[in-house]
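The values are calculated or read from the model by the stated rules, or taken from the named source; none is laboratory data. Just so we're clear, the structure is a prediction, and the values are computed from it rather than from any experiment. Here Cβ is always computed from backbone atoms with ideal geometry, including for glycine, and neighbour counts include all displayed protein chains.
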């Protein structure tokens with residue numbers, strides 16, 4: 001099998017068109033469990049609660065009776081800038097605590113043989129898309145610089161909610177998509193499932209740097225008690241609706257679906273480990289998401305449906321590929337229900353790929 005064929009067909013592949021996936025879904029542990037859990041969205045809410053507790057015990061909680069886990073992100077940002085000083089102080093303290101933990105996690109990764117070569121870390125996930133997240137990431141970057149760590153820290157270029165869809169265009173060589181103007185992409189997370197149509201914009205940017213989401217649907221499945229079958233059925237219905245919308249709008253939709261999903265993705269599309277935050281058992285050897293999607297959607301337009309599935313942090317990281325040409329080794333951390341991670345080496349792009 002040629003490298004090009006493997007790149008086009010294999011789930012969880014190591015060699016992708018523009019990068020080599022060196023490492024992903026690393027689950028480092030300490031005495032308290034997975035260290036990534038110390039830098040998740042839930043961890044930040046725990047820090048809010050930690051800093052509220054002494055104030056509550058003194059008889060004054062500037063947040064009232066609302067649970068720390070339920071305070072809307074927009075309200076937290078408003079309180080940070082315009083709220084009473086003590087409420088802003090709690091949020092600032094939580095940002096500092098979270099930044100300290102994120103810096104610890106990054107230091108741990110940089111001790112790994114493969115990761116110590118990383119020249120840049122991109123931080124994505126829903127948390128990075130808020131001002132609070134940006135401040136925490138910026139503070140973590142300062143902490144690492146204080147330790148003379150040269151690895152650059154930056155936030156993801158695209159909207160985090162869209163990056164996990166846009167990255168799917170880098171799962172297959174762009175020459176395979178030249179007769180089309182868009183693809184279908186799926187981003188499965190522990191809280192949300194997003195399905196979208198991604199415009200390739202190859203005429204404007206052959207390196208796919210201008211790819212963008214045309215339409216997408218969001219399903220917050222984490223708010224519901226679902227079985228695995230319910231989740232898969234809902235995902236497929238979202239795909240079917242978007243196929244219909246794209247075709248009605250005249251888009252040249254490629255017969256391709258790129259899927260990002262938590263966990264270690266095997267070559268046959270099964271999930272070896274890491275899917276514990278998903279509804280039901282996604283790690284069963286008898287379950288294959290790509291096969292279930294293909295069974296219901298066997299063709300898109302006049303062609304058989306091709307599906308490539310990879311880890312969600314890998315796919316989100318792939319959205320950064322066009323912007324990482326100035327480094328050789330780089331990684332991504334996605335702050336969401338958990339902390340996703342992936343490490344990449346850039347590959348030389350063969351001119352024949354665009355011939």
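Here are the numbers:
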| item | result |
| --- | --- |
| The stretch 59-78: number of residues that are in contact (Cβ under 8 Å) with a residue 24 or more places away in the chain and over 14 Å from residue 45 (Cα atoms) | 2 |
| Index of the failed condition, residue 331 passing every other in (1) in a helix (DSSP H, G or I); (2) farther than 25 Å from residue 223 by Cβ; (3) touching a helix residue (DSSP H, G or I) at 6+ places or on another chain (Cβ under 7 Å) | (1) |
| Single residue of 184, 235 found to be assigned to a helix (DSSP H, G or I) and in contact with a strand residue (DSSP E or B) (Cβ under 7 Å, 6 or more places away or on another chain) | 235 |
| Any hit, the stretch 79-101, residues being surrounded by 15 or more Cβ atoms within 10 Å (Cβ to Cβ), out of contact with any helix residue (DSSP H, G or I) (no Cβ under 6 Å at 6 or more places or on another chain), touching a residue at least 60 places away in the same chain (Cβ under 8 Å) and within 30 Å of residue 326 (Cβ to Cβ) | no |
| Residue in the stretch 175-187 that is within 19 Å of the chain's Cα centre (by Cα), free of Cβ contacts under 8 Å to residues at least 60 places away in the same chain and buried (at least 21 other Cβ atoms within 10 Å of the Cβ) present | no |
| Near pairs, Cβ below 6 angstrom, 6+ apart or cross-chain, from the stretch 339-355 (in the same structural domain as residue 103 (by TED's automatic domain parsing) and surrounded by fewer than 24 Cβ atoms within 10 Å (Cβ to Cβ)) to any residue that is outside any helix (DSSP H, G or I) and at pLDDT 50 or above | none |
| Some residue of the stretch 284-300 being assigned to a helix (DSSP H, G or I), touching a strand residue (DSSP E or B) at 6+ places or on another chain (Cβ under 9 Å) and within 23 Å of residue 341 (Cβ to Cβ) | yes |
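Residue-by-condition table, conditions (1) more than 30 Å from residue 35 (Cα to Cα); (2) modelled with pLDDT of 95 or more; (3) not assigned by TED's automatic domain parsing to the domain that holds residue 193:
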residue: 261; (1), (2), (3): no, no, no
residue: 269; (1), (2), (3): no, no, no
residue: 279; (1), (2), (3): no, no, no
residue: 282; (1), (2), (3): no, no, no
residue: 291; (1), (2), (3): yes, no, no
residue: 315; (1), (2), (3): no, yes, no
residue: 329; (1), (2), (3): no, yes, yes
residue: 336; (1), (2), (3): no, no, yes
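Yes/no matrix, rows are residues, columns are (1) touching a residue at least 24 places away in the same chain (Cβ under 8 Å); (2) part of a helix (DSSP H, G or I); (3) under 18 Å from the mean Cα position of the chain (by Cα); (4) farther than 29 Å from residue 174 by Cβ:
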position	(1), (2), (3), (4)
245	yes, yes, no, no
251	yes, no, no, no
259	yes, no, yes, no
277	yes, no, yes, yes
